[in-house]
Every structure is written in structure tokens, then in C-alpha cells.
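FYI, it's all coordinate maths here, none of it is from the lab. From a predicted model like this one, the values you see are computed outputs, not experimental measurements. All Cβ positions, even for glycine, are placed from backbone atoms using ideal geometry, and neighbour counts span all protein chains on display.
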Amino acid sequence: MENVYRKCLAAMLLLVGIQGAMGDYKPEALANGGADPSLHLQQSSKQTEAQQINEVIYKATGFGNTFMVVTEEGNVIVDTSMANVAPLHKKLLSAVNSGPVHSIILTHGHGDHTGGVELWRQPKTKVIAQENMVEFLHYQKRLEGMFNRSNRAQFGFDLQSELQPTTQVENFSATILPNTLFEEELNFTLGGKIFQVLHTPAETYDALTVWMPQYKAAFVGDLFYESFPNIYTLRGTKPRWALDYISSLNRVIALEPEILLPSHGKSIKGKENIRKALTRYRDAIQYVHDKTVTGMNQGKDVYALMREIHLPDELNVGESYGWVSWSVRGIFEGYKGWFDGNPVTMYDQSPESVYGDLVALAGGADKVVILAKPLLEKGDNVKALRLVEAALVAEPGNRGALKLRLQALTKLRKNASNLNESGWLNFGIQQTKRQLDFGVKTK
Ligand SMILES: [Zn+2]
């Protein structure tokens, strides 16, 4: 299973502005590594009818899946995918049953789950979410400028246009999508079908699971997908607590589901299959968490732990979306914050502030490039890149340094089998090419 890459593009869709440019994203190196993150988009655009999961549950596949539960008193929608896929999903699912939409249940507040809410919403529709979604939506709106910037870098959208800097702070101005909130659990029966909505925080603190006890079906949102989870995402996030994932996975495992319906990728059927998959996932997270905590208590630094901690074979769930080393750092800094215990870090001068002096001492950027080249040749790509970064602080337009930066990033990109890593490498490559062509650095 770990060889089958199923991407969670969870964060991808936070922002409305990038969606039109999604077709431009070409993850070539992922294809080289056997992973193709555009797979879901292609699948969804080719899907001509909704997939029937059982007698009442139907699924439209996308970056984010949309589910519909059909009852005689109206239908329940679980997640609504991203805004530009939602019309197709609605068409496919409405073709199965066009009854009134009694409820829309949102497994969390990321844009690839909430994009179609207004399309599905009818005057009497309940839009159900865990109460923490309110703050989560405000958080995303509050930092919209930052998220726009990092999302477009991470996912390769429209790198050429300049973003307008945001000067207005809007702390509590998000559009609140849900009209029905709960704290721990919300139960209702519709057309004889029982729905239990449970708070299962993980990737976000508003995450929920929908449990249908009569069918032993669990809609788990992003609590499970076929890669190690994104316990930290490079585009920016509040801490995502590993122990929340574990307690939420335990809550779902205890239900003994026979149908597991993640919001990204394939559904899983069979009690034993599901128990095994969820248990392994939980244990992989527990392993990384506990190794990180052990290292922290031993006084190890975060980089050492990022290098040291790897999943053992029996827990190797793949790293095509989340990456263990980022999760190690996410757990470490989630618990400890940014201070590394070195007195110099207390002050407002970055390590880069002395690069210029050191490069001058070495005889200039060209000399540093000479030092970096053999490192790149023997595959020490990241160290070569570090040296080049120093050279470029000293001499930002140095063409030798820019060319070496481009080579190092391209080499890393060729070997990348993680979607998010590839995105940021693409960003660096395009940024460096633009500097070589026009002498302009893309922020
Ligand atoms: Zn998602």
C-alpha cells in the first residue's frame, strides 16, 4: 500500500485566487518518483458518474472528495471539495438523487473541503461543523496575505504577478460558513439513518469524523490518507499536535469501522483491513512523536533529530505528502517554540547578517562557488546550496552563484518524491531563472 501514492492536497485550496492557475502545475519529478499528484484532478475531471459505496453512500472524487448520503427525508453532504471542482461533484451526485440537502457536514475548515458549500446550501440546509472552525476560518482570513504568498510558492501558481501587500489587519472578518456548531458530539437521525458527528482534532483543531453506526461507515476527513500526515506544512500552520492525531485515530479505531471514507484518495472496506491501516498509521505517528520527545529530553538539537528519525519498515506509510523530518521539527518546535538555547539567538541579527563579511574574508562569492561545486558533484546538494546562499547574500547578482543554485535545486528536484518539497523546489528554480534572465528576485 505504501507504494501507492494518494495525495492529500489539503492545503492546496485555501485560497480562491490560485484556483484558476491550477492547470499550470506540472509535477514532473513526482512522476519520475512514481507519484503523480495531478492524478486526482485528472480522475475527477474524467469521472462521469458518482461512485456508489453502499446502498446509501455515494462519492465524487477530486483533490478533495465529496460524499452524499441519501435518505428519504433529504440528503447529507460530507465535505464539498474545492470551489472549481464542486460544480462537477454536484452534477454527478445530483444525478443520483436530487432530493433536498438537509445537511452539509464539513470535516474541517480547509478550502479543499469547504469550496462548494454555497453551491450545495439551500435555505433550510444545516451546515454542521465543530465549533473551533470559527476561529480557524478567522485565522486563515487574518493571515490571508501570508497564505496567498506561501500557497502560490508551494503550489506553483502564477509566480510572475506581484502580490499586493496587505496593510489592513482583519482579525475576525472571515465568512463563517457553518450555521450549526457542536463541541464534542452531535447526533441526529434523518430518514431512519443515524449520524454521529464526533470531534476528532488532528490536522486542524476543528476536525471531525462522521460515523454512521448502521453501516459501520466512518467519514474521517484528513485524519487518514495514504502518506505520513502533514504534521507540519511548509506553507505555514499553527502546531498540529501528534497526540491529537493519536487520540482521534484511537477514537475511530474503537468504532470498528467496516467502511473508511477519507476525504482524499480511496475508500477502504473491510473491518480487518481498516483496523490494520489505522493502527499502522497511528503507530507511525506515535513512533515519530516519541522519538522526537526522547531526543528533546536528551538535549539533542532539532537538526540532529530531523536526520536521525526514520520510520521502521513495518511502519513505513510513505512520505509523498507529509514528510517525517518536517514533522519532527513541527513536533519539536510545537512543544518548545523557536529558541534554541544559544544566547545569540535571543537577538535580532540573523545568521545571514554575517555571511557578507565571511564571504569577503574568503575572497568573494566566486571563491565560495569554487568551494561549493565539488560538494554538488559528489551529491552533497544541500551543503552546496548553503554555501551558495551565503555567496548570494554577499553578491546577490553573482551569476556563477545563481547558476550553481539552479543546478543544486534542479538536482534536488529530480530526486524529490514529495509533493510539497517539489513545489518549493520548483519555486526556487523559477525564482533563480528569473534572476538569471532579468536580475529580479521573486519574493
Ligand atoms: Zn484536505
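Can you give the calculated 222 nm mean residue ellipticity of the chain, where each DSSP H run of n ≥ 4 adds -39,500 (n - 2.57) and the sum is split over every residue, rounded to the nearest 500 deg cm²/dmol? For the chain, the value works out to -13000 deg cm²/dmol. The stretch 322-380 and the stretch 393-443 have Cα centres separated by 17 Å. Each eigenvalue of the Cα gyration tensor of the chain, multiplied by 5 and square-rooted, gives one semi-axis; in descending order these are 41, 24, 21 Å.
What's the local net charge at LYS193, with K and R +1, D and E -1, over the other residues with C-beta under 11 Å away? Cβ neighbours under 11 Å give a net charge of -3.
Global size of the stretch 176-292: 14.4, 48 Å for Rg and Dmax (C-alpha atoms, Rg to one decimal, Dmax whole).
Dividing the mean sequence gap of close Cα pairs (under 8 Å, 6+ apart) by how many residues the chain holds gives a relative contact order of 15 percent.
Other residues with beta-carbon under 15 Å from the beta-carbon of LEU385 carry, at +1 per Lys or Arg and -1 per Asp or Glu, a net charge of +4. For the stretch 349-438, the equivalent ellipsoid derived from the alpha-carbon gyration tensor has semi-axes of 22, 14, 13 Å in decreasing order.
Full extension of the chain segment joining LEU119 with GLN430 gains 108.4 nm, where the gain is 0.36 nm per residue of separation less the Cα-Cα distance.
The packing ranking of peptides 212-218, 188-194, highest mean first, is 212-218, 188-194, where packing means the average number of other beta carbon atoms within 10 angstrom of each residue.
With K and R counted +1 and D and E -1, the other residues having a Cβ less than 11 Å from that of HIS89 yield a net charge of +2.
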